[in-house]
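The values are calculated or read from the model by the stated rules, or taken from the named source; none is laboratory data. From a predicted model like this one, the values you see are computed outputs, not experimental measurements. Here the Cβ is made from the backbone with ideal geometry for all residues, glycine too, and neighbour counts use every protein chain on show.
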Amino acid sequence: MSRLVVVDDHPVFRKGLVALVRAAGHEVVGEAADGREAVAVVATTEPDVVLMDLSMPEQDGFEATAHITAAHPSTRVVVITLFDDEPSVVRALDAGARGYVSKQADPEQILGAIHAVVSGAQWLGAGVGRPAPVGRTAERLPGLTRRELDVADLVSRGLSNGQIADRLVLSRKTVANYVSAVLLKLGVDTREEAAAVVREARRD
Amino acid sequence: MPDAAALIRASEIVPPAVSLVLALVVVGHAIAVRRPAREALGWVSVVLVLLGFTPVLPASAWFFTFPLLVSVFPDGRFVPRWFVVPVAACFVLTTGEILSDGAWSEHPLWSGVGAGQMVLLLAQVHRYRRRSTTRERQAVRWVILGTLLTVACFAAVAAAYGTIGEGPAGSVVGARLAVLPLAVCLVGAVVNPVGLDVDRALHATVLVLLVVPVLAGAYAVVDGWHGPGAGAAAVGVGAVPVLALGRRLADWLVYRGRPSAGTAVTDMLRRLGERADGDSVPAIVLDAATRAIHLDGGTITGSWFEPVGDLTGSDFALTYRGERLAVLSLPHRRGETTFTARDRRVVEALGVHAAPALHGDRALAELAESRQRVVAAREEERRRLRRDLHDHLGPTLSGLSLSAAALARRTGLPEATELHEDIKEVVAQSREISYGLRPPVLDDHGLVAAIRHRTSAHDDLEVRVVATDPLVLPAAVDLAALTIVGEAVSNVRRHAEASSVEVSLRVDADHLHVTVADDGVGLPPDVRPGIGMHSIAERAAEVGGTARYDRTAAGTRLDVVLPLEAS
């Protein structure tokens, strides 16, 4: 079982969270009500996992997460927050969080996240916005509209126009138009070549 | 007492001398102020009339110069046009008279020429009563006044002595001096017609000329029939109705160009009824008042609108049910320190009828204002409620739910599991309530993120949102901005055939400026504001702002301005 620090500015929620993880057999070695306090508590207790809220007074959860994961590489941070939007997820993951769970999630989700990050995995809870796969590709393929990037990405994954149409809820003809636009903008003649360009952009 | 011979001698010298001097004054003035050449005939006719009173022109030249004067004064044009004909006829007759050395005037029909000339004075009355410039109206009034006074003097001389310019010394002197009022008034008309208001003098002259002959005639006739004393009684009985009738006639003649109170009120009410959305009620009321009594301007002030107009003078309070709604300030005419009773009557009548319209206008303004305050307060309240739910009640319930789950784990009691499920249900409900209060993204991530979220769709339209961060806005304003932009972008999607649209947000001291501009086909010129535009304008008005489509832009461009504080 793991040693945990629970960070949340809301006392009732913190109490519930502490009760839950204790009931599941974990040891809570410290609690904190804001980011600054969390950094201090983590420094003295060296826990396996920090359960981190994002919106808090003083220092918010993003900053605290960035600090903690940098100072204590062996400590995993699981964000437990009200925000479930994609930009917040991206920010938290960039800050070094290994798990991301909504506060409305089932208790099993929270416990599952703890278990996962302790065993070295990453955990994004159900209902949490996932960073789009094309997010990073977009910067390397300038000139394509967002919709064209979606189509280009699916082309690079070997989907046919019909499959892409089903996936994006578009007509087959519209998809064909997008594919022609993508080929033109990437300066290639065939969808195989386009797929190679997109895969290359996604790789690094 | 100078003797009669001296008086006669003086009357021979004074009028020609005065007229000559006045003629020189008119010429000098015309040169000094550089009158336009096309108006020259106007003042030249005055000079000719004045010279007619001097030995420079033969006395009988009057039979041509007077018709010319009344036809072309003051702007040098024949009004009405066809007056060229009688004036030309007078020229022929006058030339004949002069060339025949006075023989024509011996003809019995010649007296008709003299009387007919007075009819030509109607040309000036016509000018006066038709709408013309204030200056022209004033000038014409002088001419009419001068002519009437001179005619009155001749009539008085004739009544007193039975002859004009012959026989008794009084008749001779009176007849010669009688031309002076006309000479003086003509100079007044040319040099400074607006310096003195001759309204009342003209009114009084007309009144006297109408009333005195009637009463005198009545006296003479009744006295002759029924003996001494009867005439005085007739005058006593007839004086009041004749005076009243005379005043009405004088009113009609002098004031006819200005609408009566009734006409002015009808005109104002019609304009109030037909006014477009942009027209302000106070401005219409002010305009009605200045038009009704022929002023160049005035001011109207009230608590609910910016003052309209610039000139001030006498104040007229516009009251409604004992409350002073607005104040109409009207400047006096040049040379006057007050308004005539008639002017006051007209303005007061307008005020009485304008008051309900002004009251309605104020009530509408207050209603809009109070609605803005209510909307602003409601949105602040909803934002606060949502924050309380989201930041405090939500986590509390979630915490309780986790505690129940912990309890269930430790004890294995089915009741604890049920409790956990029930609290989860409550969490979901509070979340729904919170979503219903405000779009959550607006308060969690701000207006820009909310707009991006609201306007994103799976199509090719590129939506750019440009903003000066951070936007700290009242709850009603950011919600209105979000709704308006959402509506505008969805209009772009439906109609504009655009490939990109830019939403820009800018805040200054008191306003949020929102622009939604696309690169599409633009508004068709004949487009009527659709339901989208209507609801956009309504959302803006709800918070006291405005929303306008700019037709001059390429593509379509919506400009929205929302005040940060409810007025």
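If A:Val89 satisfies all but one of (1) more than 18 Å from the chain's Cα centre (by Cα); (2) more than 10 Å from chain B (Cβ to nearest Cβ), what's the number of the condition it fails?
(1)
Say whether the condition of being in contact with an Asp or Glu (Cβ under 9 Å, 6 or more places away or on another chain), farther than 30 Å from B:Ala317 by Cβ, in the same structural domain as B:Thr266 (by TED's automatic domain parsing) and small (Gly, Ala, Ser) is met by at least one residue in segment B:414-432.
No; the residues of segment B:414-432 include none that is in contact with an Asp or Glu (Cβ under 9 Å, 6 or more places away or on another chain), farther than 30 Å from B:Ala317 by Cβ, in the same structural domain as B:Thr266 (by TED's automatic domain parsing) and small (Gly, Ala, Ser).
Let me confirm something: among B:Asp388, B:Asp422, B:Asp444, B:Asp343, which residue is more than 12 Å from chain A (Cβ to nearest Cβ) and at pLDDT below 85?
Criteria check complete, one pass: B:Asp343.
Say whether the condition of being touching a residue at least 60 places away in the same chain (Cβ under 8 Å) and closer than 21 Å to B:Gly114 by Cβ is met by at least one residue in segment B:17-40.
Scanning segment B:17-40 turns up at least one residue that is touching a residue at least 60 places away in the same chain (Cβ under 8 Å) and closer than 21 Å to B:Gly114 by Cβ.
Given the conditions (1) of a type in the set (Gly, Ala, Ser); (2) crowded, with 17+ Cβ neighbours inside 10 Å; (3) modelled with pLDDT under 80, and given that B:Gly229 satisfies all but one, which numbered condition is not satisfied?
Going through (1) of a type in the set (Gly, Ala, Ser); (2) crowded, with 17+ Cβ neighbours inside 10 Å; (3) modelled with pLDDT under 80 one by one, B:Gly229 breaks only (2).
Can you tell which of A:Val175, A:Val197, A:Val169 is on the phi < 0 side of the Ramachandran plot and within 14 Å of chain B (Cβ to nearest Cβ)?
A:Val175
Is it the case that B:Gly399 is part of a helix (DSSP H, G or I), free of Cβ contacts under 8 Å to residues at least 40 places away in the same chain, surrounded by 21 or more Cβ atoms within 10 Å (Cβ to Cβ) and not aliphatic (A, V, I, L, M)?
Taking the combined requirement at face value, the residue satisfies it.
Criterion first (more than 22 Å from B:Arg387 (Cα to Cα), in contact with a Lys or Arg (Cβ under 9 Å, 6 or more places away or on another chain) and within 10 Å of chain A (Cβ to nearest Cβ)) does B:Ala467 satisfy it?
no
Do any helices (runs of 4 or more DSSP H) entirely within segment B:53-130 hold 1 or more residues that are hydroxyl-bearing (Ser, Thr, Tyr) and more than 27 Å from B:Val184 (Cβ to Cβ), and if so, which?
Per the criteria, B:84-99, B:110-120.
For (1) aliphatic (A, V, I, L, M); (2) under 26 Å from B:Arg141 (Cβ atoms), each residue gets a yes or a no:
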residue	(1), (2)
B:Pro282	no, no
B:Ala292	yes, yes
B:Thr299	no, no
B:Gly313	no, yes
B:Ala317	yes, no
B:Gly322	no, no
B:Leu350	yes, yes
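Taking into account only those residues within segment B:13-39 that are part of a helix (DSSP H, G or I) and surrounded by fewer than 13 Cβ atoms within 10 Å (Cβ to Cβ), which is nearest to the chain's Cα centre (by Cα)?
My answer is B:Arg38.
Please pick out the residue among A:Leu159, A:Leu144, A:Leu149 that is within 12 Å of another protein chain (Cβ to nearest Cβ), outside any helix (DSSP H, G or I) and surrounded by 17 or more Cβ atoms within 10 Å (Cβ to Cβ).
A:Leu144
Failed condition for B:His226, given (1) touching a Cys at 6+ places or on another chain (Cβ under 9 Å); (2) farther than 28 Å from B:Leu41 by Cα, with all others met?
If we test B:His226 against (1) touching a Cys at 6+ places or on another chain (Cβ under 9 Å); (2) farther than 28 Å from B:Leu41 by Cα, just (1) comes out false.
Please state which of the following conditions B:Pro259 fails to meet, knowing it meets all the rest: (1) touching an Asp or Glu at 6+ places or on another chain (Cβ under 7 Å); (2) free of Cβ contacts under 8 Å to residues at least 40 places away in the same chain.
Result: B:Pro259 fails condition (2) only.
Conditions tested, residue by residue: (1) part of a helix (DSSP H, G or I); (2) surrounded by fewer than 21 Cβ atoms within 10 Å (Cβ to Cβ); (3) under 50 Å from the mean Cα position of the chain (by Cα).
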residue	(1), (2), (3)
B:Arg362	yes, yes, yes
B:Glu369	yes, yes, yes
B:His392	yes, yes, no
B:Glu415	yes, yes, no
B:Glu421	yes, yes, no
B:Val441	yes, yes, no
B:Asp460	no, yes, no
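Would you mention how many residues in segment A:34-52 are surrounded by 18 or more Cβ atoms within 10 Å (Cβ to Cβ) and either within 13 Å of chain B (Cβ to nearest Cβ) or out of contact with any Lys or Arg (no Cβ under 8 Å at 6 or more places or on another chain) (or both)?
The qualifying residues number 9.
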